[in-house]
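The values are calculated or read from the model by the stated rules, or taken from the named source; none is laboratory data. Since the model is a prediction, treat every value here as computed from it, not as a measurement. Cβ sites come from the backbone with ideal geometry, for glycine too, and all protein chains shown count toward neighbours. Note: accessible area is taken over every heavy atom of the protein model, side chains too, but ligands, DNA and RNA are not part of it. Shrake-Rupley method; radii C 1.70, N 1.55, O 1.52, S 1.80 Å.
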Amino acid sequence: MTVRPYLVNGEWRTGDGTFEVKNPFDDSLVAEIAIPTADDVEEATATAAATFEESRHLSVAARSTALDHISHRLAETLDENAELIAAEGGKPLKWAKVEAARAVSTFRWASETIRHGEDEVMRLDTEAAFGSRLGIIRQFPIGPVLGITPFNFPLNLVAHKVAPALAVGAPIVVKPASATPLGALRLAEFFAETDLPKGMYQVVPVSSKVADGMARDDRYRKISFTGSAAIGWYLKGLDPKKKVTLELGGNAGVIVHSDADLDLAAQRIAFGAYYQAGQSCISVQRVLVASEVYEEFSKLLTKQVEQLITGDPMDPNTDVGPVIDRGEVDRIAEWVAEAEKQGAEILTGGKADGPFFQPTLLSQTTAEMKVRCEEVFGPVATITPYQTFEEALAEVNDSKYGLQAGVFTNDLNRAFEAHRTLEVGGVIVNDVSAFRADQMPYGGSKDSGFGREGLKWAMAEMTEPRIMVLSHVPL
């Protein structure tokens, strides 16, 4: 198998060694990836710093044209990209196509955002003592970005770091997940076809230990990290002067009130809890149901879950694919067995099967069980009755996480009360927590993260406002 090179300073390089990327479904070899040398890592960092002196002055036309090109190339190769996603990460092809399509949208939105512009004019003749003055406020990039990305969305979550960086004129070096580096390398192929400075996007598939050293480097003015809470908060603590965006974990709660469309809620929760084999930080994990409809809804949801097809991710009919590795399968099985031993009831699923863990729904759980209070990051959800809507809101908030939540209700007042009360970054009404549009602000509170992604908001995190005051001008 041909070794897949990485991109440093506009050159495709093969380094000194390699590592293997294997399909989590059948353990077949997907790719052999070249490992950057220490000199390559240093050159990537130095190149990003030097390139910033040029990239910060690029016109909107130059940046948006490049973003449009990458978007168009992603659209042209959508099916191929989806197959890469399915092969390296085990994501079912039907959902891999959704991710591939979202990456197209992510780069398009980045281009549209900068074409629209966010500059602001401020009247400063507001006090007699000021005289006739006007302020012009613009956003300027702060410097090179280090992007560290996870395995579960190997194309679009890389896009959510690369597209805003290119949009604002900030060079970015990406350290992709070792399990799924092909998405970042695919974006590098399309970037290399643009007229942007060659040092604006570089990919270094290095170890976590090497990435730790990169994160400590003062030449990176910004870190954008998606991954575990423990590593994220560690990175943020390395340098209090460095800007950091963290998109971390969650154990999302979804409320199903008595006035909701129960059939719709069951269908969407069966999707939102299991479509990524639960390996999404906004996957549905805690389902809270009004007591008067709890029995009816439990049967509806159980039926929906049992209809899900688990199997080969390349089969277009597969709904639930494998877990990323066997160690994670074992951990999930331990958590479910522990919950059952502590009194939980398995309504469906509950067993490991090779690289899979059966889509599992648990009732009779308690708040202290790991399957409720921690992030399972697997195809496991719990279902619990509540007496009042206020009790349900409190239960959603009774978590160290706060990324997104879902609320099924046909009462607008309840929707607004949830929006006001829930300590999360996003409240999705009449759908599940797993919904995300790529242009919306995305991030959480508490242990779920710091800052926001979503094109406009990610760009703000990579820039800083600077005002110019025009004095003695005729207004």
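Couple of notes before you dig in:
- Protein heavy-atom accessible surface, 1.4 Å probe, per residue over the stretch 324-425: 46 Å².
- Per-residue 3J(HN,Hα) values for the stretch 104-109, derived from phi via the Karplus relation 6.51 cos²θ - 1.76 cosθ + 1.60 with θ = phi - 60°, read 4, 5, 4, 5, 5, 5 Hz in sequence order (x marks Gly and Pro).
- Gain upon complete extension [A38, V60; 0.36 nm per residue less C-alpha separation]: 4.5 nm
- Accessible surface, per residue, of the stretch 133-223 when the full set of protein chains is kept, probe 1.4 Å, Å²: 26
- Here L29 and Q387 are evaluated by their C-beta separation; at R0 = 41 Å the FRET efficiency comes out at 0.15.
- Angle between the chain longest axis and helix 182-191 axis [Cα atoms, degrees, rounded to 10]: 30
- Volume per residue that the Cα convex hull of the stretch 1-136 spans, once the total is divided by residue count, Å³: 182
- For the chain, a crude dipole built from +1 on the beta carbon of Lys and Arg and -1 on the beta carbon of Asp and Glu, taken about the Cα centre, is about 1280 debye to the nearest 20.
- Relative packing of peptides 114-125, 145-156 - highest average C-beta neighbours within 10 Å first: 145-156, 114-125
- Database remark: amide H of G406 closer than 5 angstrom to the amide H of G253, V254, I255, I428, S433 (H placed geometrically; neighbours at sequence offset of 5 or more, or on other chains; Pro and chain starts carry no H).
- Distance between the stretch 76-135 and the stretch 1-71 - C-alpha centres, whole angstrom: 21
- The spacing between the stretch 382-408 and the stretch 182-254, judged by their C-alpha centroids, is 32 Å.
- The fraction of Cα-Cα pairs per 10 angstrom bin, counted from 0 for the stretch 258-398, comes to 12, 45, 34, 9, 0 percent, rounded to whole percents.
- Electrostatic dipole magnitude of the stretch 1-109 [Cβ: Lys, Arg +1; Asp, Glu -1; Cα centre; debye, to 20]: 660
- Angle between the chain longest axis and helix 229-238 axis [Cα atoms, degrees, rounded to 10]: 30
- Expected 222 nm ellipticity per residue - DSSP helices of 4 or more, -39500 (n - 2.57), all of the chain, to 500: -12000 deg cm²/dmol
- Principal-axis tilt of helix 156-168 within the chain, Cα atoms, nearest 10 degrees: 20
- Net charge dipole, the stretch 106-218: roughly 300 debye, given to the nearest 20, about the Cα centre with Cβ charges of +1 for Lys and Arg and -1 for Asp and Glu.
- Normalised per residue, the accessible area of the stretch 430-470 is 42 Å², obtained with a 1.4 Å probe and no contribution from ligands, DNA or RNA.
- Contact order normalised by residue count of the chain, Cα under 8 Å, 6+ apart, percent: 18
- Measuring nothing but alpha carbons in the stretch 193-330 and taking Rh as the Kirkwood radius, the Rg to Rh ratio lands at 1.12.
- Sorting the segments 76-86, 167-177, 307-317 by their mean number of nearby beta carbons within 10 angstrom, highest to lowest, gives 167-177, 76-86, 307-317.
- Working note: Cα atoms of the chain, range along each principal axis, descending, whole Å: 70, 69, 40.
- Percentage relative contact order, the stretch 257-409, counting C-alpha pairs under 8 Å, at least six apart: 30
- Ordering of 462-474, 285-297 by burial proxy (mean other Cβ atoms within 10 Å per residue, highest first): 285-297, 462-474
- Estimated FRET transfer efficiency when R0 is 30 angstrom, pair F416-E368 (beta carbons, to 0.05): 0.40
- Reachable lysines from K241, criterion Cα separation under 22 angstrom, eight or more residues apart if same chain: K161, K175, K209, K222, K446
- Within the straight-line cut-off of under 21 Å between alpha carbons, the lysines reachable from K299 are K351, sequence neighbours fewer than 8 places apart in one chain being disregarded.
- Computed label-point distance, nm, for sites S207 and E345 using a 7 Å Cα→Cβ extension: 5.0
- A crude spin-label estimate for the pair E11 and D119, with each label 7 Å from Cα along the Cβ direction, gives 3.9 nm.
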